[in-house]
Each structure stands twice: as structure tokens, then as C-alpha cells.
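This report refers to the structure that appears directly beneath it.
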Amino acid sequence: MTETPTVPQTSTTALDLDAMQAACVAQLRTVFDPELPVNIYDLGLIYGIDIDASGDLRLTMTLTSPGCPMAEEIVTNAAQSLQAVPGVRDIAVELTFNPPWSQDLLSEEALLELGLL
């Protein structure tokens, strides 16, 4: 009799990671820069969303300028929005200014909202 090999189970499958990634994007689209009528995802402030198999999430983001007076609020709101994503355990936010943000990072939706298209 041949035994069927067992596949080690992780807490999150590849399919779940794709769904979690999409849910993270949706949540980040609910966070707005208080000075602009555009969400932080479409502003191009999100450089990376990395989720490991255990559900730990690392968000790499920037701000429109290093001296942004709303920096703490934006970063806090981004992290809080991600807590609503099922399967996310721990959230670490890395704020970077390399590369610096520019209008080239705006989505088409953001360009339309800001009247730049």
C-alpha cells in the first residue's frame, strides 16, 4: 500500500495571498491624504505590500514630501486600514523617500480627480 505524501499546511495559501493583496489595495484606497481629494494608493504613495505566509505584512510607502505635516496621520491611517484585512497578523510600515514621490506616480484616476488629465 502506497501512502499519499502529505503537504505541509501553511496558515495562508498562495491564493489567499493574492486575495489578501487585493484586499490590502482596496483598504488603502479608503485612506486619503487630508490635503488632497485622492486616496494614498492612487496618489502613488504605496511602493510595496509584502505579505508572508504567516500573514505578517510589510507596507513600504512614501509621502508627497519629506516635510509633510500630516505624515503621522497618513501612516497611522494606512496601518489601521490594513488591520481590517482578514488573515493579516502583524503590520510593519516602512516610510521611505527613495525614490522620491513625483506626479509620475499618480494613477489615471488621481490625474482625473486632480484635473491634470
If a residue has to be acidic (Asp, Glu) and in a loop (DSSP other than H, G, I, E, B) to count, how many in region 62-93 make the cut?
1
Qualifying positions in region 70-117 - touching a strand residue (DSSP E or B) at 6+ places or on another chain (Cβ under 6 Å) and closer than 16 Å to Leu36 by Cβ:
Val75
If you scan region 34-87, which residues turn out to be open to solvent by 30 Å² or more (accessible area, probe 1.4 Å) and within 17 Å of Glu113 (Cβ to Cβ)?
Pro34, Glu35, Leu36, Pro37, Tyr41, Thr64
Tally of residues being assigned to a loop (DSSP other than H, G, I, E, B) and loosely packed, with under 12 Cβ neighbours inside 10 Å across region 94-116
6
Evaluate the following for Asp42: is it out of contact with any strand residue (DSSP E or B) (no Cβ under 7 Å at 6 or more places or on another chain), charged (D, E, K, R) and at pLDDT 95 or above?
yes
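The values are calculated or read from the model by the stated rules, or taken from the named source; none is laboratory data. Here the structure is a predicted model, which means the values were calculated and not measured. With ideal geometry, Cβ positions are generated from the backbone for all residues, glycine too; neighbour counts draw on all protein chains shown. Areas reflect the complete protein model, heavy atoms only, side chains present, ligands, DNA and RNA absent. Shrake-Rupley method; radii C 1.70, N 1.55, O 1.52, S 1.80 Å.
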